[in-house]
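A.B. asks: So that we are looking at the same thing, I have put the structure below in structure tokens.
Values in this text are rule-based calculations from the coordinates and carry no lab data. These figures come from a predicted structure and were not determined experimentally. Methodologically, a virtual Cβ is constructed for each residue, glycine included, from the backbone with ideal geometry; neighbour enumeration extends over all protein chains shown.
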Amino acid sequence: MQLLVKYVNEAKKSLGKKAEGDWELHVVGHSAGSIFAAHAITQLASLGISWKTLQFMAPAIRIDLFKEIVLPKIIDKTCPKPSLYILSKVGELDDDVGPYGKSLLYLVSNAFEGSREVPLLGMQKFLEEDQKLLNLLNSAVDGLPGIVISGTGDKPGAMSKSDTHGGFDNDPNTMNSALVRILGELPKAPFTARDLQF
């Protein structure tokens, strides 16, 4: 993150003030990328670039950590409120990680956090247990819901059809929704399934 800040500042300096006004910051994090982004908010905000969107796909960040380090930054407008793309409760149960018969977030919540059932931001079941947080995160941004549950939306910018934790960045619907939120309109060259099979 420190290197990114260094290189952005160097680019800003070499391009001068004229180019700087046109720059926008858009951050997308998948799974543990939400944890990285959360810890990088101060550095990202220090760039002096207008921070337009923050989007998390199946965020693996613990809800308590989100409330501790991200929520205050949303409230004081250091960063935008994140849009979430998540699996449904059924989708989490239908996914599997190798021999483990549920999603990666279930595995993290039950085995990697020191106790069982640790609430993670990317799990619908835990969001529904925290109505205040759910209401805040699901409130509309530019007419789009803050939380997109895979398989339920059909509006551009609010669609995801991933059926696995790892599938969000391979799903054209999710990736095009992210682009709609970044561009403020439909992309002229939308992602196709072929583009995302790598």
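A.B. asks: Here are several values of Cα extents along the principal axes in Å: [x] 53, 37, 31; [y] 71, 43, 37; [z] 155, 32, 25. Which one was derived from the coordinates shown?
C.D. replies: Working out Cα extents along the principal axes in Å from the coordinates points to [x].
A.B. asks: Pulled fully out, how much extra length does the chain show between residue 36 and residue 89, if you take 0.36 nm times their separation in residues and subtract their Cα-Cα distance?
C.D. replies: 16.6 nm
A.B. asks: Between rounded, prolate and oblate, where does the stretch 85-135 land on the alpha carbon gyration tensor, with a ≥ b ≥ c its root eigenvalues, rounded for a/c under 1.5, else prolate if a/b exceeds b/c?
C.D. replies: Oblate, because a/c is 1.5 or more while a/b does not exceed b/c.
A.B. asks: Then there's this: Note down the relative contact order for the stretch 27-67 as a percent, whole number, built from C-alpha pairs under 8 angstrom at least six residues apart.
C.D. replies: 61 percent
A.B. asks: Give the long-range amide H neighbours of residue 95: residues separated by 5 or more places, or on another chain, with amide H under 5 Å away, using H modelled in the peptide plane at 1.01 Å from N.
C.D. replies: 103
A.B. asks: Right, another one. Residue farthest toward the positive end of the dipole of the chain, with Cβ of Lys/Arg at +1 and Asp/Glu at -1: which of 38, 170, 198?
C.D. replies: It is 38.
A.B. asks: In addition: Take the alpha-carbon centre of the stretch 13-48, take the same for the stretch 59-91, and report the distance between them in whole Å.
C.D. replies: Between the Cα centre of the stretch 13-48 and that of the stretch 59-91, the gap is 17 Å.
A.B. asks: Positive end of the dipole of the chain, charges at C-beta (+1 Lys, Arg; -1 Asp, Glu), about the Cα centre: which of 137, 21, 115 has its Cα farthest in that direction?
C.D. replies: Farthest towards the positive end: 21.
A.B. asks: Taking the inverse of the average 1/r across all pairs of different Cα atoms in the stretch 89-198, what Kirkwood radius in Å do you get?
C.D. replies: Taking every pair of different Cα atoms in the stretch 89-198, averaging 1/r and inverting gives 15.2 Å.
A.B. asks: Give me the angle, in degrees from 0 to 90, between the Cα long axis of helix 172-183 and the longest principal axis of the Cα atoms of the chain, rounded to the nearest 10.
C.D. replies: With both axes taken from Cα atoms, the answer is about 30 degrees.
A.B. asks: Now a separate question. What is the dipole size for the chain, taken about its Cα centre, with +1 at each Lys and Arg Cβ and -1 at each Asp and Glu Cβ, in debye to the nearest 20?
C.D. replies: In debye, rounded to 20, the chain gives about 700.
A.B. asks: For the pairs 125/155; 17/67; 89/188; 13/155; 6/161; 13/67, flag any whose C-alpha to C-alpha distance is greater than 30 Å.
C.D. replies: 17/67; 89/188; 13/155; 6/161; 13/67
A.B. asks: Please give the charge dipole size of the stretch 36-153, origin at the Cα centre, charges +1 on K and R Cβ atoms and -1 on D and E Cβ atoms. Round to the nearest 20 debye.
C.D. replies: The calculation lands at about 340 debye.
A.B. asks: Determine the relative contact order of the chain: mean sequence separation of Cα pairs under 8 Å and six or more apart, normalised by residue count, in whole percent.
C.D. replies: So the answer I get is 17 percent.
A.B. asks: How much of the DSSP bridge set in the chain is antiparallel, in percent, rounded to the nearest 5?
C.D. replies: Around 20 percent antiparallel, to the nearest 5.
A.B. asks: Note down the nm distance, to one decimal, between modelled labels 7 Å out along Cα→Cβ at residue 5 and at residue 17.
C.D. replies: Simple spin-label model gives 2.4 nm for this pair.
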